[in-house]
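Read-outs throughout are calculated quantities, based only on the coordinates presented, and are distinct from any laboratory measurement. Just so it is clear, the model here is predicted, and its values are computed rather than measured. No Cβ is skipped: glycine too gets one built from the backbone with ideal geometry, and neighbour counts run over all protein chains shown.
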Amino acid sequence: MSPVVPVRIVVQIDPVLLGLVLALGLVLSALYAVLLSTEAGRRVCDRRTHWTVVGGHLVMALTMCFVSAPMAVLWLAWSVVHGAPLVIRSEVLRWRAEARREQAWEGAVRGVLGDETGEDCGVGDGHGADRGSQSWT
């Protein structure tokens, strides 16, 4: 059995490189904000805000790679571990809400058109006929 080797990450950052990467990060983040301000971007923000956060984390990891790839990978892994449960929760809640809306819609349609047996809740022939055309003999 081999001994466990500790993970060691040492980061030495050139201040000029750090400044350039921070500037790049600012530009990329601003472009991402502009993208999210478009009509399509606003739809994503309204419907799935959590995915916009994931996108922001990817932009950060990308720029961190220019400073230290090992740190960027570690940071991204940390973000996935802590963020995945939140994204999954958001998606499950969205799926449940959609299922409830679909059930409500189907219930409303059945209420208007009648159930699957063709009965129209005692009114008409189940095909849109009204009370006046129904035979009572």
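Spin-label pair T49-E106: with each label point 7 Å from Cα along the Cα-Cβ axis, the two points sit 3.1 nm from one another. The orientation-averaged projected area of the convex hull spanned by the Cα atoms of the stretch 27-114 comes to 7.3 nm².
Residue exposure proxy: M60, M1, ordered by other Cβ atoms within 10 angstrom of their Cβ from fewest to most, comes out as M1, M60. A crude spin-label estimate for the pair Q12 and L31, with each label 7 Å from Cα along the Cβ direction, gives 3.2 nm.
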